[in-house]
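Before any comments, here is the structure.
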Amino acid sequence: MTPRSKRLTAYGSALLLVVASLTVATAATAVAAAPAAAPAAATSKELCGPGSALSFHRSAFPSKPEIDNKWLTLKPGMHRTTTGKVVSPDGTTARTVVSIVTGLTKVIDGVKTIAIWDRDYSDGELVESELAFFAQTRKGTVWLFGEYPEEYENGKLVGAPSTFISGIDKARAGIAMQARPHRNTPAYVQAYAPTVDFLDCGDVKYKHLCVCVPTGCYDDVMVIDEFNPLEPPSAGHQRKYYAPGTGLIKVTAVGGEDQEFMDLVKIKKLNKTELASVNKQALALDRRGYSVSKDVYAKTPRAVVSTR
């Protein structure tokens, strides 16, 4: 799997799925000390620098998940396509990521999450198919609780070695999007999974930009700088551009050998029949995870179709 700091899937899709016509709402980082009865949600180290320690109360999340953050709205049936390229010392490859908010929910680390299905194509060939799991606190912060990324080579599934789930093997949920992002605030942990060398940090770099991509021109755009502090400076940073009410619209790179440049090219809302088909395929992916990732994913409850 491509290092997450260089990927668009999951919340950037990873990831990261919103439609321009949706209602806009602002939100604030909801970070509270975890209760003693919930060791899986215990406070983390300051992995992204001073002020970055995170923890969460499971009770801060509603029993029926809903994600309407201004910068990252995730409603079942949202379908978006981003395209671009990855430039590396070995050459340039075309990249396409198709992301869909499914109608599935899954309980992870005691929190009911919404499942996002991302498919990543390199030069037209599927290289990754992933389920990523998000939930939003009542105060508006969106958290990433885990990812199950299947890897493909020459059209064949070769495994999912980079799977991580909050609460398993010391992996911790992280903040996919703050409720009220502001500049000059501490960087924050987006997710942490030490057994798969996974750590992403986010830092609000710019706000109030005007940015144009194939789907249109957007005002009040915010840029989040993403990096892994465990990597050397030569690894570079990734910058993601978010428009209010639309979400991720652009990805660029600053430094690093492998540089990714992506633009949002298509957004739409699936109808009921299309969403039912997506849910069926996502459920099959979830079921397969129990045999492909026996040590991690198989320890989670089954995903189910939401009755909402």
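The values are calculated or read from the model by the stated rules, or taken from the named source; none is laboratory data. A quick note: this is a predicted structure, and the numbers were derived from the prediction, not measured. Here Cβ is always computed from backbone atoms with ideal geometry, including for glycine, and neighbour counts include all displayed protein chains. Areas reflect the complete protein model, heavy atoms only, side chains present, ligands, DNA and RNA absent. Shrake-Rupley method; radii C 1.70, N 1.55, O 1.52, S 1.80 Å.
Among the conditions (1) more than 19 Å from VAL97 (Cβ to Cβ); (2) surrounded by fewer than 17 Cβ atoms within 10 Å (Cβ to Cβ), the only one that PRO244 does not satisfy is (2).
Scanning region 184-219 for residues that are part of a loop (DSSP other than H, G, I, E, B) and in contact with a Pro (Cβ under 7 Å, 6 or more places away or on another chain) yields one hit, PRO186.
In region 36-52, is there at least one residue being modelled with pLDDT of 95 or more, more than 22 Å from ASN279 (Cα to Cα) and open to solvent by 50 Å² or more (accessible area, probe 1.4 Å)? Scanning region 36-52, I find no residue that is modelled with pLDDT of 95 or more, more than 22 Å from ASN279 (Cα to Cα) and open to solvent by 50 Å² or more (accessible area, probe 1.4 Å), so the answer is no. In summary, ALA303 fulfils each of the numbered conditions (1) among the small types (Gly, Ala, Ser); (2) surrounded by fewer than 19 Cβ atoms within 10 Å (Cβ to Cβ); (3) under 20 Å from the mean Cα position of the chain (by Cα); (4) more than 29 Å from GLY84 (Cβ to Cβ) with the single exception of condition (2). Taken across region 222-233, residues that are open to solvent by less than 10 Å² (accessible area, probe 1.4 Å) and outside any strand (DSSP E or B) do not occur at all.
Output the residues belonging to region 175-207 that are of a type in the set (S, T, N, Q) and on the phi < 0 side of the Ramachandran plot.
Restricting attention to region 175-207, the residues satisfying the condition of being of a type in the set (S, T, N, Q) are 178, 184-185, 190, 195.
GLN178, THR185, GLN190, THR195 - these are the residues of region 175-207 that are of a type in the set (S, T, N, Q) and on the phi < 0 side of the Ramachandran plot.
Restricting attention to region 65-107 and to residues that are buried (at least 24 other Cβ atoms within 10 Å of the Cβ) and among the polar types (S, T, N, Q), the residue that is nearest to SER129 (Cα to Cα) turns out to be SER99.
Residues being within 17 Å of GLU226 (Cα to Cα) and more than 16 Å from the chain's Cα centre (by Cα): count how many of those fall in region 181-204. Even if it seems obvious, please write down each step before you answer.
Here is the first cut: in region 181-204, the ones within 17 Å of GLU226 (Cα to Cα) are 181-193, 197-204.
Next cut, more than 16 Å from the chain's Cα centre (by Cα) only: 181-187, 197, 204.
Number satisfying all stated conditions: 9.
Just one of (1) touching a helix residue (DSSP H, G or I) at 6+ places or on another chain (Cβ under 7 Å); (2) surrounded by 14 or more Cβ atoms within 10 Å (Cβ to Cβ) fails for LYS170. It is (2).
Would you please name the residue that is surrounded by the most Cβ atoms within 10 Å (Cβ to Cβ), looking only at residues in region 181-215 that are of a type in the set (Phe, Trp, Tyr) and out of contact with any Leu (no Cβ under 9 Å at 6 or more places or on another chain)? I'd like the intermediate steps shown before the answer.
Residues of region 181-215 of a type in the set (Phe, Trp, Tyr): 188, 192, 198, 206.
With out of contact with any Leu (no Cβ under 9 Å at 6 or more places or on another chain) added as a condition, the list becomes 198, 206.
Details: PHE198: 21, TYR206: 13.
Among those residues, the one meeting the criterion is PHE198.
Checking region 108-122 against the condition returns no match, with no residue being closer than 21 Å to GLY216 by Cβ, open to solvent by 10 Å² or more (accessible area, probe 1.4 Å), under 17 Å from the mean Cα position of the chain (by Cα) and hydrophobic (A, V, I, L, M, F, W, C).
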